[in-house]
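Notes for the one structure printed next.
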Amino acid sequence: MKKLSKYPVDGKYGKFGGRFIPEVLMAAINELEKSYEKIKNDTRFKKELEYYLSEYAGRPTPLYYAKNLTKMVEGAKIYLKREDLAHGGAHKINNTIGQALLAKQMGKTRVIAETGAGQHGVATAMACATLGLKAEVFMGIEDMKRQKLNVFRMELLGAKVHPVKSGSRTLKDAINEALRDWVTNIQDTYYLIGSVVGPHPYPLIVRDFQSIIGKELKNQFMSKEKKFPDALVACVGGGSNAIGTFYPFEDYPEVEFYGIEAAGKGIKSGKHAASLGAGSEGVFHGMLTYVLQNDVGQIQNTHSISAGLDYPGVGPEHSFLKTIKRAHYATATDEEAANAFCKLSKEEGIIPALESSHALAFAMNLAKRMDKEKTIVVTLSGRGDKDVEVIASHLRESSE
Amino acid sequence: MSEIDIIFKKLKTKNQGTLIGYVTAGDPEPKITPIIADTLINGGVDILELGIPFSDPIADGPIIQAASSRALKAGTTPKTVLKIAKEIRKKHDTPIVILTYYNPIFKMGVKNFFSLLNTYKINGVIVPDLPIEEAYDYHKIAQEYKIDTIFLAAPSTSEERLDKIIKHSSGFLYLVSHFGVTGTRKKIQDSTIKLIKKILPKTSNKIPLAVGFGISNPEHAKLIIQSGAQGAIVGSAFVKIIDENHERTDIMLKRIHKFAHDLKDAMIIKY
């Protein structure tokens with residue numbers, strides 16, 4: 001087998017990935033692949049990206065030793081990679097700046113995006129505002145309800161938000177609607193996808209831009225601890241912050257990967273979003289990957305307290321890492337995530353996104369089982385200001 | 001020669017374009033689809049396209065999306081669709097083509113899928129999200145069962161790709177008339193006519209060319225045939241009639257019959 005970092009091969013991660021898309025999109029996807037291949041090693045492009053990442057997005061983000069949390073769990077040392085401190089409050093800006101620069105190079109004037117929790121929509125709106133592109137964001141009306149603040153933020157940033165009323169009215173339907181728009185307006189429009197999902201080369205492009213997370217933390221960790229971490233933990237919806245964290249360590253098997261999916265109200269309840277944990281292989285949104293589907297291949301509705309994890313598919317590279325057992329995938333429930341949310345807020349004075357709280361919940365348990373000289377890095381993919389209303393009503397419900 | 005080849009040939013000698021009519025199977029409920037199909041065929045549809053409803057139809061506009069939801073709500077599965085086809089076969093020899101997104105095929109297994117299609121005497125398959133690059137096994141197995149693989153070409157398809165697509169296609173080549181999803185439209189764009197004329201030299205003597213997406217009335221169908229295409233595919237316009245009248249089946253059937261008849265009438269070339 002090839003070195004893991006060499007994948008994808010011909011657009012595939014093992015058998016996963018590929019390009020299952022309507023013929024109308026084929027030319028645009030080919031154009032995207034060619035443009036990206038040309039630009040990605042271009043010195044000027046790299047300089048520009050670096051400039052925006054440091055001067056605009058606030059990188060590098062700190063690697064913080066969570067001493068109080070570590071003390072509390074009495075186990076392995078827990079570090080937090082603080083993507084919540086990136087501009088916009090999440091790791092999403094790493095990808096949107098990169099892709100918006102690419103869109104501009106390709107001569108596209110209009111950018112469309114999908115969003116679940118609204119973080120990718122906000123990050124798209126920001127990147128487009130600063131680079132002078134027109135942004136339109138598709139968002140399920142269910143998500144618009146639970147993330148009102150982010151809808152307003154997008155509008156403030158000059159983006160147009162299209163409410164999506166079809167299907168389950170969440171992230172998957174927002175992607176469907178974005179794809180339909182792209183098919184229609186392919187000549188002037190760039191589809192800026194927000195996670196490591198979709199047809200090749202999107203999972204590759206998004207991974208490349210998000211790998212800044214893992215690259216930084218590798219150096220930061222090395223200078224603090226003079227070694228590599230024993231375990232990396234990140235939440236997985238589509239899986240972009242997780243792949244960004246894992247990728248620079250893929251060829252170092254001594255570093256264990258844990259991807260944490262949303263178990264919602266529990267896997268047995270059927271109300272969850274654990275595509276890797278409880279799904280099966282399928283073809284969805286242009287890729288072969290693990291999906292939540294019924295026995296005749298209809299995609300199923302998902303549930304999670306966090307809109308950002310509420311997706312019935314997952315990036316094809318995660319399906320690959322699961323199949324070859326390079327990464328472990330586990331889950332955390334709504335309840336466990338909410339508890340972790342409150343714990344980090346109280347112990348460290350950091351309010352984490354509900355998405356990242358799933359990773360935290362798992363990491364605290366993992367740390368307990370590990371020796372004190374071991375180390376864990378949790379990617380804190382975003383900040384939780386957007387989630388305080390959801391948490392407030394969750395706490396009300398559980399106290400009733 | 002397949003049944004689809006035969007029908008195109010036969011109609012060509014009669015100076016007629018081939019009318020391909022689409023409905024989502026199971027919309028509004030499975031037991032009505034055979035009656036709708038009967039009406040379509042009696043009205044003038046030459047090839048019947050039956051859609052397997054899918055939860056996430058990314059190439060479809062609001063009309064067919066809504067039809068898919070209704071059909072799924074009524075409990076339609078791929079197996080239901082095949083049973084519907086069997087019901088239609090009792091009365092008609094009309095070629096039947098299945099339209100489905102790829103995941104239901106993938107889920108049941110490509111081999112199993114074509115074996116079932118063979119059992120149920122289905123003549124061809126259209127999969128809007130399966131480009132030729134991902135269709136190696138699919139194409140091979142379809143050939144073994146002598147089931148036509150109808151691939152799509154788009155306004156953006158390069159000449160080089162078009163050659164490959166034609167090579168993989170049998171039955172007919174499905175040309176998408178414009179950038180966009182399925183749905184009814186007011187007008188056939190000039191660019192569509194130009195596109196047909198550009199592609200015809202590539203397909204002639206190889207495979208019939210049929211045009212779909214946005215063909216909404218007899219005038220449109222006439223224009224498509226006059227431009228040289230051998231077939232016109234009409235979907236959303238039929239599905240819209242079903243949607244508007246799904247509580248009054250008698251009126252629905254009457255309107256479907258008249259619409260199919262008018263479409264077909266417009267596709268007869270008169271000298």
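No value in this document is a laboratory result; all are computed from the given coordinates. Not measured: the values here are computed from a predicted model. In this analysis, Cβ positions are derived from the backbone assuming ideal geometry, glycine residues included, and neighbour counts consider all displayed protein chains.
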**Fill in**
Under a Gaussian network model of chain A whose springs join Cα atoms within less than 10 Å, the largest fluctuation of A:M126, A:M72, A:M287 belongs to A:M72
**Message:** I want to verify a result. In a Gaussian network model of chain A, Cα cutoff 10 Å, which of these has the top mean-square fluctuation: A:D181, A:D84, A:D334?
**Reply:** A:D181
**Prompt:** So what is log10(I(q)/I(0)) for region A:183-316 at q = 0.11, 0.13 1/Å, when the Debye sum runs over its Cα atoms only?
**Reply:** -0.46, -0.62
**Fill in**
Eigenvalues of the alpha-carbon gyration tensor of the protein assembly as shown, times 5 and square-rooted, give semi-axes in Å, largest first, of 48, 25, 22
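Can you pull the percent of Cα pairs in region B:221-271 with separation above 15 Å?
Considering region B:221-271, 51 percent of its Cα-Cα pairs are separated by more than 15 Å.
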**Asked** Can you work out the base-10 log of I(q)/I(0) for chain B at q = 0.07, 0.14 1/Å, using the Debye formula on its C-alpha atoms alone?
**Response** -0.21, -0.93
**Fill in**
Taking B:67-79, B:108-120, B:232-244 and ranking on average Cβ neighbours within 10 Å, highest first, one gets B:232-244, B:67-79, B:108-120
**Request:** Throw me the Rg/Rh for region A:242-345, computed over C-alpha atoms with Kirkwood Rh, two decimals.
**Result:** 0.99
**Prompt:** Over chain A, what is the relative contact order in whole percent, taking alpha-carbon pairs under 8 Å and six or more residues apart?
**Reply:** 21
**Message:** Highest mean first, how do A:360-366, A:394-400 rank when packing is the count of other Cβ atoms within 10 Å averaged over residues?
**Reply:** A:360-366, A:394-400
**DSSP-loop trypsin sites (Lys or Arg not before Pro) across region B:125-192, with at most 14 other Cβ within 10 angstrom** = B:K146, B:K186, B:K187
**Message:** I'd like to know how chain A sits against the 2.2 N^0.38 Å rule of thumb: what's its Cα Rg over that expected value?
**Reply:** 0.90
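Using Cβ counts within 10 Å as a stand-in for footprinting exposure, how do B:I98, B:I147 rank, fewest first?
Fewest to most other Cβ atoms nearby, the residues stand as B:I147, B:I98.
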**Asked** Which whole number gives the average count of other chain Cβ atoms within 10 Å of the Cβ atoms across peptide B:128-136?
**Response** 6
**Message:** Restricting to DSSP H runs of at least four residues, report the calculated mean residue ellipticity at 222 nm for chain B, -39500 (n - 2.57) per run over all residues, nearest 500 deg cm²/dmol.
**Reply:** -14500 deg cm²/dmol
**Request:** Output the peptides A:127-138, A:112-123 sorted from most to least packed, where packing is the average of other Cβ atoms within 10 Å over each peptide's residues.
**Result:** A:112-123, A:127-138
**Request:** Find how much the distance from A:V296 to A:S345 grows on full extension, using 0.36 nm per residue of separation minus their present alpha carbon separation; answer in nm with one decimal.
**Result:** 13.3 nm
**Item:** Compactness index (Cα Rg / 2.2 N^0.38 Å), region B:1-146
**Value:** 1.02
**Asked** Which value in deg cm²/dmol, rounded to the nearest 500, describes the helix-derived mean residue ellipticity at 222 nm for chain A, given -39,500 (n - 2.57) per DSSP H run of n ≥ 4 and division by the residue count?
**Response** -13000 deg cm²/dmol
**Complete:** One finds, for B:H178 and A:E155 with R0 = 25 angstrom and r their Cβ-Cβ distance, a FRET efficiency to the nearest 0.05 of 0.20
**Average partner coverage of B:149-161, which counts Cβ from other chains inside 10 Å** = 3
**Message:** Under 10 Å, Cα contacts only: if you run a Gaussian network model on chain A, which one of A:I376, A:I243, A:I93 comes out with the highest mean-square fluctuation?
**Reply:** A:I376
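To the nearest whole number, what is the average tally of beta carbon atoms from other chains within 10 Å of the beta carbons of peptide A:45-55?
For peptide A:45-55, the averaged partner shielding equals 0.
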**Prompt:** How much net charge surrounds A:G239 when only the other residues with a Cβ under 10 Å from the Cβ of A:G239 are counted, with Lys and Arg +1 and Asp and Glu -1?
**Reply:** -1
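Nearest 5 percent is fine: what portion of the DSSP beta bridges confined to the protein assembly as shown is antiparallel? If you can, show how the numbers build up before the last one.
Working: 16 of 79 bridges.
If we restrict to bridges inside the protein assembly as shown, about 20 percent are antiparallel.
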